[in-house]
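All remarks here apply to the structure that follows.
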Amino acid sequence: MDIGAFWEIIDSAREENDGWEDMYEPLIYRLVKLEAGEILLWQGIFAEYQRLSYKNKLWAAAYVINGGCSDDGFDYFRGWLTAQGKEVFLGALKDPDSLAEVEATEEEVEYEDMLGVAADAYFKKTGAKDRKYDLFYAELEKYPLADELKKEMVSEIEYAKDIDIEWDEENEDDLKNLLPKLCEAFDF
């Protein structure tokens, strides 16, 4: 499993249904076709992208888009962001305000299912009757990402220079100055 294969699986599942909203089953279908170890590596890449995208300015973007954003909501937002594909994902890290140009509904822009899709595919692949996530994560530890792969992932990311900026959710002007396009697009 490499970065290209990771994104190809996401893109093909999303394109099969003309959008991310109904890509869960096509994503499961694609992942189950892999060997169990490859599913675990796919999850490792996903988890690393989640970690690499845990940035303050991106959280501010999620806050504006969704009219608020809890800790869990930010995880689900980043799941949604990953489901949009590599170009949108990397573009949002370079400039979170660029999400104003991504087609999103007025409903919450979150995709919680992305966080568990690899585990669900793994259980299906291995025929596990009981979905014991502690066992899934124990197996996942046996498939750590290679340092070279992590370096490759990081090398493709160009973060906004103010990606770790502190912001105040009580100060609307602060957010309007930080993300003017998003605030305008979402009537914030």
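A short reminder: the numbers here are calculations on the coordinates, not readings from a lab. None of these values were measured; they are calculated from a predicted model. Here Cβ is always computed from backbone atoms with ideal geometry, including for glycine, and neighbour counts include all displayed protein chains.
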Item to check | Breaking point among (1) under 17 Å from residue 18 (Cα atoms); (2) among the hydrophobic types (A, V, I, L, M, F, W, C); (3) out of contact with any helix residue (DSSP H, G or I) (no Cβ under 7 Å at 6 or more places or on another chain), for residue 83 | outcome: (3)
Checklist entry - So which residues in segment 135-145 are surrounded by fewer than 16 Cβ atoms within 10 Å (Cβ to Cβ) and either charged (D, E, K, R) or out of contact with any helix residue (DSSP H, G or I) (no Cβ under 9 Å at 6 or more places or on another chain) (or both)? => result 135, 138, 141, 142
Checklist entry - Which residues, taken from segment 163-173, are touching a helix residue (DSSP H, G or I) at 6+ places or on another chain (Cβ under 9 Å) and part of a helix (DSSP H, G or I)? => result 172
Checklist entry - Mind checking whether some residue in segment 2-12 is assigned to a loop (DSSP other than H, G, I, E, B), touching a residue at least 40 places away in the same chain (Cβ under 8 Å) and over 30 Å from residue 165 (Cα atoms)? => result yes
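Condition (residue is in a loop (DSSP other than H, G, I, E, B) and under 30 Å from residue 165 (Cβ atoms)) applied to segment 29-50: is it met by at least one residue?
To start, the set of residues in segment 29-50 that are in a loop (DSSP other than H, G, I, E, B) comprises 33-35.
Keeping just the survivors that are under 30 Å from residue 165 (Cβ atoms) gives none.
Looking through segment 29-50, none of the residues is in a loop (DSSP other than H, G, I, E, B) and under 30 Å from residue 165 (Cβ atoms).
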Checklist entry - Going through segment 27-48 one residue at a time, which ones are surrounded by fewer than 22 Cβ atoms within 10 Å (Cβ to Cβ) and either more than 17 Å from the chain's Cα centre (by Cα) or of a type in the set (Phe, Trp, Tyr) (or both)? => result 29, 30, 32, 33, 34, 35, 36, 37, 38, 46
Checklist entry - Can you tell me which of 175, 149, 179 is of a type in the set (A, V, I, L, M), in contact (Cβ under 8 Å) with a residue 12 or more places away in the chain and touching a Pro at 6+ places or on another chain (Cβ under 7 Å)? => result 179
Item to check | Among the candidates 160, 119, residue that is at negative phi, surrounded by 15 or more Cβ atoms within 10 Å (Cβ to Cβ) and either part of a helix (DSSP H, G or I) or polar (S, T, N, Q) (or both) | outcome: 119
Checklist entry - Of all residues in segment 79-110, which are outside any helix (DSSP H, G or I) and among the polar types (S, T, N, Q)? => result 84, 105
Next on the checklist: Quick check on segment 146-163. Is at least one of its residues within 17 Å of residue 50 (Cα to Cα), of a type in the set (A, V, I, L, M) and in contact with a Gly (Cβ under 8 Å, 6 or more places away or on another chain)?
Outcome noted: no
